[in-house]
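Here's the structure, in structure tokens; my notes come after.
Computed from the coordinates by the stated procedures, all read-outs in this text should not be read as laboratory data. All of these numbers come straight from a predicted model, not from anything done at the bench. Here the Cβ is made from the backbone with ideal geometry for all residues, glycine too, and neighbour counts use every protein chain on show.
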Amino acid sequence: MPITNTRRVAAAIAVIGVSAFAVGCGSSSSTTPKTTSTTPPATTPATTPATTNSSKPIVLGAASLTNVFPMIDPNAKFTFNGSGALATEIEQGAPADVYAAASPKDPAMLLAMHLIDKPVPFATNTLVMVVPPSNPAHITSVSDITKPGVKIVICNVTVPCGDYARTAFMNLGITGPAMKNVVSQATDVTQVVADVASGAADVGFVYITDADYAKGKVKTVKLPAKAMPGTIPEIAIVKKAPDPAAARAFVALVLSAKGQATLKAAGFGPPPK
């Protein structure tokens, strides 16, 4: 091969080598972003909901607390029913962190069974009569409920509002004629209000807080002082609470200044001292 051609081949090989080296360098620098982009994202946002959900207490509350408890803690998981029915659920092992009853009777029973911690009074309430807006039976005082043909609805005996109504009858000495006019026994106060509002009954016995929430649907008739039994709701932490910390926090919130102010605005009185 002539010397000139040999030099040309060598020069070409040198150029190819330089180009290859330059391409290699370019490829190396372009992969750097891909390497940094493979870093796993932070996991904190993904775990936050789980942490929040686990702090929501499961609260079994008397039906008379249906409107006020969600105002105190809108994030809690509530089940509202008659206090006796809820006590039975706890006996049967239903998951619950907190139990709130309309009277001390059911909490005392659960405490004796070692199913709840010591109950604490958190408010007071007042028993009243409610009548339909048109008041067809012309009920203006408790003495009117014993008249023939008057249709009375009360809670059944296993529910605090039913126990309170029977106590009021006994205190007034009208148990016989009043019970004779009872046409229905409801499972909770909300059903009593519904029966009266619909006209299925002429008069019902509920708490003042329930009557206030049903303004426009029913009218309130007060009971004489000697008729009214003390109505004291109580709250307690369930022994087998799935989330004891959330249970303690909820009870503390109910007893706090904020919780008590909310209860007062809803018509409840302060707890007994």
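Please give the net charge around R248, taking every other residue with its beta carbon less than 12 angstrom from that of R248, where Lys and Arg add +1 and Asp and Glu add -1.
That works out to -3.
Determine the sum of side-chain charges near N181: Lys and Arg each +1, Asp and Glu each -1, restricted to other residues whose C-beta is under 10 angstrom from that of N181.
+2
Using the Karplus curve 6.51 cos²θ - 1.76 cosθ + 1.60 with θ = phi - 60°, work out ³J(HN,Hα) for each residue of region 235-241 in order, rounded to whole Hz, and write x for Gly and Pro.
Values, residue by residue: 10, 8, 8, 6, 4, 9, 4 Hz.
For region 52-109 and region 203-273, compute the distance between their C-alpha centroids and round to whole Å.
Comparing the Cα centres of region 52-109 and region 203-273, I get a distance of 12 Å.
Using a basic spin-label model with each label point 7 Å from the Cα along Cα→Cβ, how many nm lie between D212 and M170?
2.8
Would you mind putting 156-167, 256-267 in packing order, based on average other-beta-carbon counts within 10 Å, highest first?
Peptide ranking by packing, descending: 156-167, 256-267.
Once fully extended, how much extra length lies between K240 and T79, figured as 0.36 nm per residue of separation less the alpha-carbon to alpha-carbon distance?
Length difference between fully extended and current span is 56.3 nm.
Between T124 and A257, what is the spin-label point distance in nm, taking each point 7 Å from the Cα along the Cα→C-beta axis?
2.3
Net charge within 14 Å of I208 by Cβ-Cβ distance, Lys/Arg positive one each and Asp/Glu negative one each, not counting I208 itself?
Computed value for this residue: +2.
For the pair A112/S198, report the inter-label distance in nm, with labels modelled 7 Å from Cα in the Cβ direction.
Label at A112, label at S198, 3.6 nm between them.
Can you list the equivalent-ellipsoid semi-axes of region 127-227, largest first and in whole Å, using the square root of 5 times each Cα gyration tensor eigenvalue?
Whole-Å semi-axes of the equivalent ellipsoid: 17, 15, 13.
Residue by residue through region 135-152, what is 3J(HN,Hα) from phi via Karplus (6.51 cos²θ - 1.76 cosθ + 1.60, θ = phi - 60°)? Round to whole Hz and write x for glycine and proline.
Whole-Hz 3J(HN,Hα) from phi for region 135-152: 6, x, 8, 6, 7, 10, 8, 5, 5, 6, 6, 8, 5, x, x, 6, 9, 10.
For T124, enumerate residues with amide H under 5 Å from its amide H, sequence gap 5+ or separate chain, H modeled in the peptide plane.
G269
Which order do the peptides 206-212, 174-180, 185-191, 234-240 take when ranked by the mean count of other beta-carbon atoms within 10 Å per residue, highest first?
206-212, 185-191, 234-240, 174-180
Taking θ as phi - 60°, what are the ³J(HN,Hα) couplings along region 81-96 by the Karplus curve (6.51, -1.76, 1.60), each to the nearest whole Hz, with x for Gly and Pro?
Per-residue couplings from phi come out as 6, x, 4, x, 5, 5, 4, 5, 4, 5, 4, 8, x, 5, x, 7 Hz.
Sorting check: for 111-119, 242-250, which peptide has the highest mean count of neighbouring beta carbons within 10 Å, and how do the rest follow?
Put in order of decreasing packing, that is 242-250, 111-119.
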